[in-house]
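> Could you have a look at this structure, given as structure tokens, before my questions?
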Amino acid sequence: MTQFGDYQNVIYMAGLSGVQPTWPVDYATLKARAERAMPPGVLGYVQGGCGDEFTQDENARAFNHWGMVPRMMVDCARRDLSTHAFGMDLGSPLFMAPIGVTGMCTQDGHGDLAAAQASAATGVPLTASTLANDRLEEVHATCGTTPALFQLYTPRDPEVAASLVSRAEAAGYKAIVVTLDTWVTGWRPRDLNVANFPQLRGHVLHNYFTDPAFRSRLAAPPEEDPRTAVGAWAAMFGKVLTWDDMAWLRSLTTLPIVLKGICHPDDARRAIDAGADGIYVSNHGGRQANGGLAAIDMLPGVAAAVDGRVPVLFDSGVRSGSDVIKAVALGADLVGVGRPYSYGLALGGADGCAHVLRCLLAEADLLMAVNGWPTLAAVRAAGAVRGDRISG
């Protein structure tokens with residue numbers, strides 16, 4: 001049985017022949033190299049947060065406040081990171097969170113397909129974004145046998161929304177992840193200072209431009225009149241969702257519906273009561289609102305409110321395999337990573353992305369091995385504590 005941690009053996013053995021990793025294995029070096037490789041407009045959009053980016057930075061920094069206690073004399077020669085959610089049997093809790101400019105992260109402009117190829121190579125599910133340079137059907141097909149989720153930015157036009165969801169269901173996606181906090185974009189100085197909003201330049205709108213319901217709203221096809229098509233998208237983007245919309249969302253599909261952006265326990269309870277099949281704890285990586293708590297600090301309260309009734313997904317600030325395990329310990333069933341895999345795409349396309357995912361899995365696996373947690377259940381039983389709140 002191959003363990004994720006064996007990836008370090010592959011690296012060390014290659015080193016005996018003088019071969020060093022093509023791409024970094026740590027986040028700091030990965031980030032630094034990606035900053036030199038990515039076009040400024042794409043880099044700013046990927047890295048930028050809301051306001052002075054306090055919440056964005058705190059999302060990552062807050063993981064350092066949480067610690068776990070190792071247990072010794074436990075047989076961890078074999079670790080089992082497998083889990084199950086939404087009908088998916090998965091090798092680990094790691095998944096790729098949706099990123100709206102994934103398609104722009106590779107030099108050929110097909111980062112969505114490259115991410116899907118990395119998913120197929122590693123078994124790490126991709127959450128495909130509505131905003132993409134490649135059709136959602138092609139992205140799903142490229143994932144191969146690895147299951148995938150589809151993230152929905154809900155359009156104001158109900159027929160276009162229904163069309164996107166029905167296409168995702170027909171393509172074989174396992175759940176619809178509805179983003180709740182992006183009906184309007186937050187105040188993002190990095191983008192504003194250079195007046196850069198990729199979608200208004202026609203980027204990552206391929207799912208709309210190929211959608212029959214969207215195209216029916218246009219006098220001319222997007223390929224003939226792209227400016228008008230972009231304007232139509234801008235006018236349509238961003239339906240304000242309320243609890244009254246849950247029945248409508250539920251009517252669009254038989255797939256599980258996951259609500260992304262839930263951070264308050266009361267919202268989690270209400271979401272489940274309204275028919276949500278999954279709760280996704282996220283503050284959008286600090287990109288949409290500034291001044292809030294770190295997402296990892298809000299996870300335990302939401303997980304307690306969910307109380308195992310539906311899967312709990314989490315993202316925001318995940319930078320390492322240790323972060324993945326801490327999130328599991330604090331109540332997440334599935335843990336999403338964002339920026340690290342976008343950097344992998346920028347440096348090495350599908351192979352670079354797969355390398356980043358393998359590094360995250362290896363670190364997570366080895367942490368469990370060394371600390372005496374052979375299963376995710378053992379991780380959850382161990383839990384995590386705020387080290388900065390322990391008094392003598």
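> Strands (runs of 3 or more DSSP E) wholly in the stretch 110-187 with at least 2 residues that are surrounded by fewer than 17 Cβ atoms within 10 Å (Cβ to Cβ) and hydroxyl-bearing (S, T, Y) - which ones?
Those strands (runs of 3 or more DSSP E) do not exist here; none qualify.
> Give me a count of the residues in the stretch 368-382 that are within 18 Å of L334 (Cβ to Cβ) and either without any contact (Cβ under 8 Å) to a residue 40 or more places away in the chain or not basic (K, R) (or both). Show your work before the answer.
Initial filter on the stretch 368-382 (within 18 Å of L334 (Cβ to Cβ)): 368, 373, 375-380.
Now restrict to residues that are either without any contact (Cβ under 8 Å) to a residue 40 or more places away in the chain or not basic (K, R) (or both): 368, 373, 375-379.
Residues flagged as within 18 Å of L334 (Cβ to Cβ) and either without any contact (Cβ under 8 Å) to a residue 40 or more places away in the chain or not basic (K, R) (or both) within the stretch 368-382 amount to 7.
> Right, here's the next one. Can you spot a residue in the stretch 82-102 that is in contact with a helix residue (DSSP H, G or I) (Cβ under 7 Å, 6 or more places away or on another chain) and either at pLDDT below 95 or in a helix (DSSP H, G or I) (or both)? Show your work before the answer.
At the first step, the residues of the stretch 82-102 found to be in contact with a helix residue (DSSP H, G or I) (Cβ under 7 Å, 6 or more places away or on another chain) are 83, 92-94, 96, 99, 101-102.
Keeping just the survivors that are either at pLDDT below 95 or in a helix (DSSP H, G or I) (or both) gives 102.
Among the residues of the stretch 82-102, at least one is in contact with a helix residue (DSSP H, G or I) (Cβ under 7 Å, 6 or more places away or on another chain) and either at pLDDT below 95 or in a helix (DSSP H, G or I) (or both), which makes the answer yes.
> Looking for something charged (D, E, K, R), open to solvent by less than 30 Å² (accessible area, probe 1.4 Å) and either in contact with a Ser or Thr (Cβ under 9 Å, 6 or more places away or on another chain) or touching a residue at least 24 places away in the same chain (Cβ under 8 Å) (or both) - is there at least one such residue anywhere in the stretch 73-84?
First, the residues of the stretch 73-84 that are charged (D, E, K, R): 75, 78-80.
Next, only the ones that are open to solvent by less than 30 Å² (accessible area, probe 1.4 Å) stay: 79.
Adding the requirement that they be either in contact with a Ser or Thr (Cβ under 9 Å, 6 or more places away or on another chain) or touching a residue at least 24 places away in the same chain (Cβ under 8 Å) (or both) leaves 79.
Looking for residues that are charged (D, E, K, R), open to solvent by less than 30 Å² (accessible area, probe 1.4 Å) and either in contact with a Ser or Thr (Cβ under 9 Å, 6 or more places away or on another chain) or touching a residue at least 24 places away in the same chain (Cβ under 8 Å) (or both), one finds at least one in the stretch 73-84, hence yes.
> Which of (1) under 18 Å from the mean Cα position of the chain (by Cα); (2) of a type outside the set (A, V, I, L, M); (3) open to solvent by 20 Å² or more (accessible area, probe 1.4 Å) is the odd one out, the single condition D6 does not satisfy?
Failing condition for D6: (1).
> Please identify the pairs in which a residue from the stretch 32-46 that is in contact (Cβ under 8 Å) with a residue 12 or more places away in the chain and within 14 Å of R201 (Cβ to Cβ) has its Cβ atom under 8 Å from the Cβ atom of a residue that is among the small types (G, A, S) and part of a helix (DSSP H, G or I), counting only partners at least 6 apart or on another chain.
Going by the 8 Å Cβ cut-off, the qualifying pairs are V42/A346.
> Looking at T145, T122, which one is within 16 Å of the chain's Cα centre (by Cα) and among the hydroxyl-bearing types (S, T, Y)?
Working: T145 fails: within 16 Å of the chain's Cα centre (by Cα).
Within the list T145, T122, the selection yields T122.
> Could you count how many residues in the stretch 237-264 are open to solvent by less than 20 Å² (accessible area, probe 1.4 Å) and not small (G, A, S)?
Taking the stretch 237-264 first, the residues open to solvent by less than 20 Å² (accessible area, probe 1.4 Å) are 238, 246, 249, 253, 257-260, 262.
Right, trim to not small (G, A, S) and you get 246, 249, 253, 257-260, 262.
Matching residues across the stretch 237-264 total 8.
> Ok, one more. Looking at M96, is it open to solvent by 50 Å² or more (accessible area, probe 1.4 Å) and out of contact with any Asp or Glu (no Cβ under 8 Å at 6 or more places or on another chain)?
Details: open to solvent by 50 Å² or more (accessible area, probe 1.4 Å): no; out of contact with any Asp or Glu (no Cβ under 8 Å at 6 or more places or on another chain): yes.
It is false that M96 is open to solvent by 50 Å² or more (accessible area, probe 1.4 Å) and out of contact with any Asp or Glu (no Cβ under 8 Å at 6 or more places or on another chain).
Yes/no per residue for (1) on the phi > 0 side of the Ramachandran plot; (2) touching a His at 6+ places or on another chain (Cβ under 8 Å):
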{"position": "H140", "(1), (2)": "no, no"}
{"position": "Y173", "(1), (2)": "no, yes"}
{"position": "V204", "(1), (2)": "yes, no"}
{"position": "P212", "(1), (2)": "no, no"}
{"position": "R215", "(1), (2)": "no, no"}
{"position": "F237", "(1), (2)": "no, no"}
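> All but one of (1) closer than 17 Å to I99 by Cα; (2) open to solvent by less than 10 Å² (accessible area, probe 1.4 Å) hold for F214, so report the exception by its number.
Condition (1) is where F214 drops out.
> Further question on the same structure: Being more than 20 Å from the chain's Cα centre (by Cα) and β-branched (V, I, T) is the filter here, so list the residues in the stretch 247-283 that pass it.
Listed by number, the residues that qualify are T253, T254, I272.
> A further question follows. Checking F63 against (1) within 30 Å of G308 (Cβ to Cβ); (2) open to solvent by 10 Å² or more (accessible area, probe 1.4 Å), only one condition comes out false. Which one?
Among (1) within 30 Å of G308 (Cβ to Cβ); (2) open to solvent by 10 Å² or more (accessible area, probe 1.4 Å), F63 violates only (2).
> Take the residues in the stretch 233-248 that are under 22 Å from L205 (Cβ atoms) and out of contact with any Lys or Arg (no Cβ under 6 Å at 6 or more places or on another chain); name whichever of them is modelled with the lowest pLDDT. Break it down stepwise before answering.
First, pick out the residues of the stretch 233-248 that are under 22 Å from L205 (Cβ atoms): 233-241.
Imposing the further condition that a residue be out of contact with any Lys or Arg (no Cβ under 6 Å at 6 or more places or on another chain) reduces the set to 233-235, 237-238, 240-241.
Values: W233: 98, A234: 97, A235: 97, F237: 96, G238: 91, V240: 96, L241: 97.
Only one residue tops the list, namely G238.
> Could you grab me the full set of residues in the stretch 298-322 that are within 18 Å of the chain's Cα centre (by Cα), charged (D, E, K, R) and surrounded by fewer than 23 Cβ atoms within 10 Å (Cβ to Cβ)?
R319
> Could we say that V25 is modelled with pLDDT of 95 or more, open to solvent by less than 30 Å² (accessible area, probe 1.4 Å) and farther than 30 Å from G308 by Cα here?
Values: modelled with pLDDT of 95 or more: yes; open to solvent by less than 30 Å² (accessible area, probe 1.4 Å): no; farther than 30 Å from G308 by Cα: yes.
Considered against the rule, which asks whether it is modelled with pLDDT of 95 or more, open to solvent by less than 30 Å² (accessible area, probe 1.4 Å) and farther than 30 Å from G308 by Cα, V25 comes out as no.
> Identify the single condition in (1) out of contact with any Pro (no Cβ under 8 Å at 6 or more places or on another chain); (2) part of a helix (DSSP H, G or I); (3) more than 19 Å from A329 (Cβ to Cβ); (4) not acidic (D, E) that N59 does not satisfy, given that it satisfies every other one.
Of the numbered conditions (1) out of contact with any Pro (no Cβ under 8 Å at 6 or more places or on another chain); (2) part of a helix (DSSP H, G or I); (3) more than 19 Å from A329 (Cβ to Cβ); (4) not acidic (D, E), the odd one out for N59 is (3).
> Is it the case that the stretch 187-202 has a residue that's over 22 Å from R135 (Cβ atoms), in contact with a helix residue (DSSP H, G or I) (Cβ under 9 Å, 6 or more places away or on another chain), among the acidic types (D, E) and at pLDDT 95 or above?
yes
> Is there a residue being surrounded by fewer than 20 Cβ atoms within 10 Å (Cβ to Cβ) and either out of contact with any helix residue (DSSP H, G or I) (no Cβ under 8 Å at 6 or more places or on another chain) or more than 16 Å from A85 (Cβ to Cβ) (or both) anywhere in the stretch 329-347?
To start, the set of residues in the stretch 329-347 that are surrounded by fewer than 20 Cβ atoms within 10 Å (Cβ to Cβ) comprises none.
No, the stretch 329-347 contains no residue that is surrounded by fewer than 20 Cβ atoms within 10 Å (Cβ to Cβ) and either out of contact with any helix residue (DSSP H, G or I) (no Cβ under 8 Å at 6 or more places or on another chain) or more than 16 Å from A85 (Cβ to Cβ) (or both).
The values are calculated or read from the model by the stated rules, or taken from the named source; none is laboratory data. Just so it is clear, the structure is predicted and the values come from calculations on it, not from any experiment. Neighbour counts run over all protein chains shown; Cβ positions are idealised from the backbone, glycine included. Areas reflect the complete protein model, heavy atoms only, side chains present, ligands, DNA and RNA absent. Shrake-Rupley method; radii C 1.70, N 1.55, O 1.52, S 1.80 Å.
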